[in-house]
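Inspection log for the structure reproduced underneath, given as structure tokens.
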Amino acid sequence: MLEVEAKTTRPEDVGTFEQALRTESTLISKTETRDLRARDGNTTFTITITFRADALRKAAKSE
């Protein structure tokens with residue numbers, strides 16, 4: 001699992017980023033966005049990415 005705290009000046013980037021992660025279904029089993037806040041032209045959010053355990057094992061073996 002990986003938790004990322006991020007900031008963007010374009011609120012639509014949050015959905016775009018989350019959608020891009022969801023297309024990686026062979027590596028990622030779940031994404032969750034929370035603490036979405038807009039202030040002074042910036043949007044901050046936290047996204048949690050849960051990886052598939054078998055995908056990480058395969059990646060480690062290929063190196």
Distant-in-sequence amide H partners of Phe51 (H built 1.01 Å from N, under 5 Å): Leu2, Ser29
Ser29/Glu3 FRET efficiency (R0 22 Å; Cβ-Cβ; nearest 0.05): 0.90
Label-zone membership for the range 25-44, site Thr16, 7 angstrom Cα→C-beta point, backbone N under 15 Å: 43
Rh (Kirkwood; distinct C-alpha pairs) - the chain, Å: 12.7
Total charge dipole magnitude, the chain, about the Cα centre, Cβ charges on Lys, Arg, Asp, Glu only, Debye to nearest 20: 180
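FYI, it's all coordinate maths here, none of it is from the lab. Since this is a predicted model, take the numbers as computed values, not measurements. Cβ atoms come from the backbone with ideal geometry, glycine included; neighbour counts cover every protein chain shown.
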